Amino acid sequence: METLEPRLLLDAAPVAVDDTYILQEDAGLSVDAQEVWKRVSPSNAEGLCAVGSDLYADLGASGLWKYDGVSFKRISAWDAQGLMGAGSVLYADFGGVSTGGRGLYKYEAGSWARINNNDAVEMAGVGANLYVEFEDLGLYQYDSTSFKRISRLNPEGMTVAGADLYVDFGDTGVSQYAGGVLKKVSTLNAEGLYGVGLNLYGDFGVAGGLQRYDGVRWTKKISLDAEGLVPVGSALYVDFGARGLYRYRGSVRANDIDL
């Protein structure tokens, strides 16, 4: 693992820790700092992950870099396949050892440690805990010390709402993992799950429409089939194809197609 000052740094001026980092294909990495655009790297990042006030950028063949708002430092020469933050720890998947990869690693207090040999297909962070889908092995929880299998089933998707993990198990339905208990909350097959604050939104396609789960009950919000959803702050933006792009915030649904 290398610690180097990269050639990609353009300026060393500090930026605020609550800046928004934006990945633009073939245009480098930029930061929106107090309404001023500043390019912090000309490299094309393959993935970004925030842990605390630090940004981690996967720059492909150039390795994995940490940006603290002032300067970049390469923390690994390896090409990561996936990144996830949980608590103050960065987790990086470098592929399964059995298929020529290096395994799943954690980066904590400036040091790397391999925690598993398997390929992490999908990861989610809830508080200080990491949740990992290992291919053909099921869903596991890692508490920074050891792994515990939560389910033998392999998820088709995961998201976080509040302090709870929600898992799409395909035809088996949607489950909530809270307080150490995995509980089924829907028998429907979700096309997508999205956490917005304390609420879970499930896209159940043509049959079920878009529904919200508040931790107790499901409420259908609209019967249309969503083509894409993105949570932003306390709002949910939904693409209904030819019908336009909508913003859903609380009980107010607004057509933002003209934005």
Phi-derived 3J(HN,Hα) across region 225-234 with the Karplus relation (6.51, -1.76, 1.60, θ = phi - 60°), rounded Hz, x for Gly and Pro, is 8, 6, 9, x, 9, 9, x, 9, x, 8
In Å, the Kirkwood hydrodynamic radius from C-alpha pairs for region 34-94 sits at 12.0 Å
Its Cα gyration tensor gives region 111-172 an equivalent ellipsoid whose semi-axes in whole Å, largest first, are 19, 15, 9
Protection proxy (average C-beta count within 10 Å per residue), highest first, orders 118-125, 201-208 as 118-125, 201-208
Violations at 32 Å Cα threshold for listed pairs 148/220; 73/184; 183/221; 66/220; 106/220 -> 148/220; 73/184; 66/220; 106/220
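Read the figures in this text as sums done on the coordinates, not as results from a lab. Note that the coordinates shown come from a computational prediction; the quantities given were computed from them, not determined experimentally. Counting neighbours? That spans all protein chains shown, and the Cβs are built from the backbone with ideal geometry, glycine included.
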